[in-house]
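Read the structure below first, then the notes.
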Amino acid sequence: MIHTQKRNVRIITRIVCIILTVIMIAPLMEYKAKAVTQHTVGQDAIDLIKSTEGFAKYKYWDYSQWSIGYGSRCDENDYPNGITEEEAEKLLKDYCKTFGDYVNRFAVNENVEFTQNQFDALVCTHYALGDFFYGYGDFALRRYIIDGSDKHSFLEIARGFAEWRKANGEVLQGLVKRRKLEIQLFLKNRTDKNNEVWRVDSTGGVNLREKPDVSSTKTGFMVYNFIFGITEKETDSKGGLWGKVHYEDRDQWVALENCDYYVGGPVKIDGKEQTVDPSNPGTTDPGAASEVWRITSNDGVRLRSGPGLSYGQIGLLNYNTQITVTESKKSDGYLWGKTTVNGLTGWCALDYAVRVSTAVLPQTVTLSSIKIASKPTKTTYNEGENLDLKGLKVKAVYSDKSEKEIGEDAYEVSGFESKEGKHTVTITYMKKTASFTVTVNPKKLTKIEVATPPTKTLYKTGEGLSVKGLTVKGVYSNNTTEEIKKFYLEGIEGFSASPGKKTITVLAEDQTCTFDIEVTEKTLTGIEIGKLPDKTEYFVGEEFDPTGLEIYGVFDNGRKQLIKDYALMNFTLDAVGEKTITINYNDYKVEFAISVVEPDQSELPGDLDGDGMRTIFDLVALNKYMDGDRSSVERTYMADINKDGTVNQMDVDALSIIVSEQ
């Protein structure tokens, strides 16, 4: 019976152990099941960064660092001969590994699973903002991603990214463009047929109306750069495209020709399902001859009902929209292209677009060359300045001898380096080139300023100058500023010899600036003993000897000064014991002690030189002492021969008798 009970206990114990083991390893199994994918930076991220940064063959100063290629950090002495585009892309990929690590770390810490396109989009954001998720506290996009981005709408994600379009409190259009591309990449693999996300692209904002018609009642207003969503589209009688937006708790309509498409859709137009991608509107018969063009005007291009200025507007092609042109004609001094956009077929001026395909329409003339129609206004630079193309006009020359101006967004610029010398700047358009020359002069220091004055500006007479806290800023001929590390000070020699306002001059190269300090009279704050007297032990009756005693005055400028005209307070050495000597100077006192002892009784009064005898030499010394030469007698306590407490002529007479009788 006992053995059976023990066996049962062992069985129960094993079962309990198995259960506990399962409980303990269950979290580990769950953790393994939730292992987060670690991504490497993809080409989409690299291409996005390249498109927003632009290529720089030579290094340049980018606010706080030297950069080259596609905005990658480098040292001042790196790449003296510039960098190729291939080298720049490799450098960018290496540079981006750090930002990929940031995103992977966040994914692991927060147990978030990213797709490759989401990962690449966030790498681009980190490239611009640094350690984005851990450097700025809590914010909407971070919460959406931790919560699960798929649970949040296109509009929420877009607005989450759009929070980061500002610098110094203002929305910058360069950041608007960058965030838009990141939004589109992040949402690349998601679809939303019920909504499209747009941005107000008119600097004056847009009016909202009750119906999709410009003559309809105004019901609201959305400001420039505001991001919103629409659920359907309508075209008005003139072919204008409108979007329905739920804003301020009501449905309203906005003219989309003043807006910029982001993501989502396509939603219904005039109640009909659409298959056209809003980000790339315009399709034609694929069997027809065609060219692909991209709109380069920041204000967009009007879509007209015919090839000429006299035809009415039926729509608007926004900046960067890619269109397919199936026919081209010249009219009113412009080259017009026929295209279909959102189901609307019309004509637009191709002078505000750039051809991006290799196909050429049979009736279109060919590009022969490009030329510099007018050079930039600025052709002379100071070292460190950026290239300024204001005033530059580039024209395309066609096979029929016609010419048209090329927009600055359509061509590439290379060859400029902001260092001393002459540089050939090359303009490239459709593999045709033209060039002009600029001169870069070395930058010169034109002005220096005291950026921050010294911490100490109030001094006492006799104090030395302290330049702690002083920083000097240099202004250069290229309108840049730098802190000046090497400078000299004039006017500091003897500046604190007298009280008053003193001006100190800062000198760097041939430029000067000044700062003022104030010197006030020093004040005595006390006295102290620098050195005790040589003699601090006396016999009864001896006189105090201050030889070797040094007294110093202490001043509020931190300096000390030897004092000669101090006073000794009343004291006597007529009794055995420790005596206090008090020094007085300007009502400040300091004390020290000496000791007074009885002389050795075995010594002979009158033995002034301590040789054990009273001789003529002792008598001569005593006479000198009485004549005022106090240094002639060291053992003055032996000069009081008659023991009356003083040394006088009677002691001289007594010593004379003693010496004459020997």
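Every number here is computed from the coordinates shown, using simple stated rules; none is lab data. What you see is a predicted model, and the numbers here were worked out from it, not measured in a lab. Using ideal geometry, Cβ is built from the backbone for each residue, glycine included, and neighbour counts are taken over all protein chains shown.
Take every pair of alpha-carbon atoms less than 8 Å apart whose residues are at least six positions apart; their mean separation over the length of region 445-520 yields a relative contact order of 35 percent. Considering only trypsin sites (Lys or Arg not before Pro) in DSSP loops that have at most 11 other Cβ atoms within 10 Å, the longest stretch of the chain without any of them is 35-389. Can you give the angle from 0 to 90° between the axis of helix 85-110 and the longest principal axis of the chain, with both taken from C-alpha atoms, to the nearest 10? Around 80 degrees separate the two axes. Helical content of the chain, expressed as a calculated mean residue ellipticity at 222 nm, amounts to -7000 deg cm²/dmol (DSSP H runs of 4 or more residues, -39,500 (n - 2.57) each, divided by residue number, nearest 500).
Computing Rg and the Kirkwood Rh from the Cα coordinates of region 412-463 gives a ratio, Rg/Rh, of 1.52.
Rounded to the nearest 20 debye, the dipole size of the chain about its Cα centre is 6080 debye, using +1 on the Cβ of Lys and Arg and -1 on the Cβ of Asp and Glu. Of the GluC sites (Glu not before Pro) in region 35-132, the ones in a loop by DSSP (not H, G, I, E or B) with at most 14 other beta carbons within 10 Å are Glu76, Glu113.
Calculate, in whole percent, how much of the Cα-Cα pair population of region 368-441 lies beyond 21 Å. Write out the running numbers ahead of the final one.
Numbers: 711 of 2701 pairs.
It works out to 26 percent of all Cα pairs.
Below 9 angstrom from the Cβ of Thr125, what's the summed charge of the other residues (Lys, Arg +1; Asp, Glu -1)? Don't skip to the answer; put the middle values down first.
On the way: positive: Arg178, Arg179; negative: Glu182.
Around Thr125, the charge tally is +1.
Positive contributions from Lys and Arg (+1) and negative ones from Asp and Glu (-1), summed over other residues with Cβ under 13 Å from the Cβ of Leu465, come out at -1. Across the options Gln116, Thr231, Trp242, the greatest Cα extent toward the positive end of the charge dipole of region 112-243 (unit charges at beta carbon of Lys, Arg, Asp, Glu) belongs to Trp242. The label-point distance for Glu598 and Glu518, in a model that sets each label 7 Å from Cα toward Cβ, rounds to 6.6 nm. DSSP finds beta bridges in the chain, and of those with both partners inside it, around 90 percent are antiparallel.
DSSP loop (so not H, G, I, E, B), at most 11 other Cβ within 10 Å: list which chymotrypsin sites (Phe, Trp or Tyr not before Pro) in region 63-165 pass both filters. Present the calculation step by step, with values, prior to reporting the outcome.
On the way: sites: Tyr63, Trp66, Tyr70, Tyr95, Phe99, Tyr102, Phe106, Phe114, Phe119, Tyr127, Phe132, Phe133, Tyr134, Tyr136, Phe139, Tyr144, Phe154, Phe161, Trp164; in loops: Tyr63, Tyr70, Phe114, Tyr136, Phe139, Trp164.
Loop-located and lightly packed - Tyr63.
For Ala621, what charge total do you get from the other residues with a beta carbon under 13 Å from its beta carbon, if Lys and Arg give +1 and Asp and Glu give -1?
Numbers: positive: Arg614, Lys624, Arg630, Arg635; negative: Asp607, Asp609, Asp611, Asp618, Asp627, Asp629, Glu634, Asp651.
Local net charge: -4.
Percent of C-alpha pairs per 10 Å bin in region 41-160, short distances first: 13, 41, 29, 15, 3, 0.
For the chain, the normalised intensity computed at q = 0.05, 0.06, 0.10 Å⁻¹ comes to -0.53, -0.63, -1.11 (log10 of I(q)/I(0), Debye sum over alpha carbons, equal scatterers, no solvent).
Of the GluC sites (Glu not before Pro) in region 198-253, the ones in a loop by DSSP (not H, G, I, E or B) with at most 11 other beta carbons within 10 Å are Glu248.
Taking the C-alpha atoms only, the angle from helix 43-53 to the longest principal axis of the chain is near 70 degrees. For region 484-605, the fraction of alpha-carbon pairs lying more than 25 Å apart is 52 percent, rounded to a whole number.
Positive end of the dipole of the chain (Cβ unit charges, origin at the Cα centre): among Gly82, Ala167, Ile314, the Cα lying farthest that way belongs to Ile314. Across the chain, the mean sequence separation of Cα contacts (distance under 8 Å, 6 or more residues apart), normalised by length, yields a relative contact order of 5 percent. Here's the list of aspartates and glutamates a cross-link from Lys422 could span, going by alpha-carbon distance under 13 Å and ignoring same-chain residues fewer than 8 apart: Glu383.
How large is the translational diffusion coefficient of region 445-520 in µm² per second when you combine the Kirkwood radius over alpha carbon pairs with Stokes-Einstein at 25 °C and 0.890 mPa s? Kindly include the intermediate steps, with their values, before the conclusion.
Details: Rh = 13.0 Å.
Here the translational diffusion coefficient equals 189 µm²/s.
Checking the cross-link pairs Lys193/Lys244; Lys180/Lys432; Lys564/Lys589; Lys151/Lys180; Lys268/Lys330 against a 26 Å limit on the alpha carbon distance flags Lys180/Lys432; Lys268/Lys330 as lying beyond it.
Put simply, the convex hull of the Cα atoms in region 599-662 casts, on average, a shadow of 3.9 nm².
Helix 173-186 axis versus longest C-alpha principal axis of the chain: approximately 70°, rounded to the nearest ten. The radius of gyration of the Cα set in region 32-80, together with its Dmax, comes out at 15.8, 51 angstrom.
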